[in-house]
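Here's the structure we're looking at; comments come further down.
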Amino acid sequence: MALVVICGQPCSGKSTAALFLAEALKESESKQTVRIIDESSFHLDRNQSYANMTAEKNLRGVLRSEVDRSVSKDNIIIVDSLNSIKGYRYELWCLARGAGIRYCVLYCDAEETHCRKWNEERREKGEAAYDAEIFEDLVRRFERPDRRNRWDSPLFELWPHKDGIEKSSAAVSDAVSYLKKKVDSKTQDVKILQPTIATQSVRFSEANSLYELDRATQEVTNAIVEAQSQALGGPINGVSLGQGLPTINISRSVGLPELRRLRRTFIKLTGQTSLSGPPPPSDADSAKRMFVDYLNRELGAT
């Protein structure tokens, strides 16, 4: 039904705003399920998640993947994170458009000095806080939303250091009104994003890629199990999967449960990487090549 992106500097009151918005939506006799997706949903530590660009990229991938699985015309998803990069907000906007739902941004506009003070107060209280170096880096790289951009509109703004954040805050009330307003032929101020051929094609392509990835990794797993049965549990070296593909070299016996775990991990990592990088392999040979390389690194001789 809708995707709401919470945006703001670190320690600007985003989680408070997300909770109040969720409560206000539930009290408005909403028939839709309201759900908040944030780092804590996955038990992720904020400092570890933003320790370097790789960790931050993985975090965005995890959140985006969960949003992609969750958005529908029957629920309201609130993404409570920094969402500080405009390119990432654009990706979320594309997910909403692909699902054919409403979209808006709730922005906690707080000055850096106030956010820095609130972060220090949290640390002194023993609450979750950012390390000083990470905080300064996030503040420096923050890209302020601009209502002129499609992916930042409509934009509802809160000023936590001036007015605080309440369930009755004007921005929260306006967002609830926008999300709950009935749409008919006369409605002008509510926009339901419409899927395009491009977004539908992307989803179809991703589905094909995941299918090929699943099938190819299963074939590799079956080949390893067969080779190990012939080797009577000993190491297997030089097992070929076909012309142009790397050989499998495993230094020890690997049980089926461990192979399944490695396969699940590989598929998950490949999917997360594709969110902000290249897409997953679209053909079986490419998928097999990547999976064999991964297994040889994880299980090969040291």
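Observations on the model:
- Unsatisfied cross-links (Cα-Cα over 28 Å) in the set LYS14/LYS180; LYS14/LYS125; LYS125/LYS180; LYS182/LYS268: LYS125/LYS180; LYS182/LYS268
- Student exercise, the chain dipole from Lys, Arg, Asp, Glu Cβ charges, in Debye to nearest 20: 700
- Between PRO246, PRO257, PRO154, the Gaussian network model of the chain with springs among Cα atoms under 10 angstrom shows the greatest mean-square fluctuation at PRO257.
- Annotation: lysines with alpha-carbon distance below 19 angstrom to LYS181 (same-chain offsets under eight excluded): LYS26, LYS31, LYS73, LYS167, LYS191.
- Placing dummy labels 7 Å off each Cα toward the beta-carbon, the span from LYS268 to GLU157 is 4.1 nm.
- Full extension of the segment from ASN237 to ASP45, taken as 0.36 nm per residue of separation minus the current Cα-Cα distance, would add 65.1 nm.
- Estimated from the Cβ-Cβ distance and a Förster radius of 35 angstrom, the FRET efficiency linking LYS86 and GLU219 is about 0.30.
- Net charge of Cβ neighbours under 12 Å - reference ASP45; Lys, Arg +1; Asp, Glu -1: -1
- Only one residue of ILE77, GLN228, PHE135 has its Cα farthest out toward the positive end of the dipole of the chain, where Lys and Arg carry +1 and Asp and Glu -1 on Cβ, and that residue is ILE77.
- Most mobile of VAL71, VAL79, VAL190 in a GNM of the chain (Cα contacts under 10 Å): VAL190
- Rounded to 10°, Cα long-axis angle of helix 284-299 versus longest principal axis of the chain: 80
- Sequence ranges 292-299, 18-25, ranked by mean other-Cβ count within 10 angstrom, highest first: 18-25, 292-299
- Accessible area in the full protein assembly, largest first, 1.4 Å probe, for ARG46, ARG148, ARG261, ARG89: ARG148, ARG261, ARG46, ARG89
- Choice from HIS43, HIS114, HIS161 showing the highest fluctuation, given a GNM over the chain with Cα pairs closer than 10 Å: HIS43
- Each of ALA55 and ASP74 was given a label point 7 Å from its Cα along the Cα-to-Cβ line. The distance between the two points is 3.8 nm.
- Counting only protein heavy atoms and using a 1.4 Å probe, the accessible area of ASP68 comes to about 40 Å².
The values are calculated or read from the model by the stated rules, or taken from the named source; none is laboratory data. Fair warning: this is a prediction, and the values are worked out from it, not measured in the lab. Note that each Cβ is placed from the backbone with ideal geometry, even for glycine, and that neighbours are counted across all protein chains shown. For the accessible areas, the whole protein counts, side chains as well, though only heavy atoms, and no ligand, DNA or RNA atoms are used. Shrake-Rupley method; radii C 1.70, N 1.55, O 1.52, S 1.80 Å.
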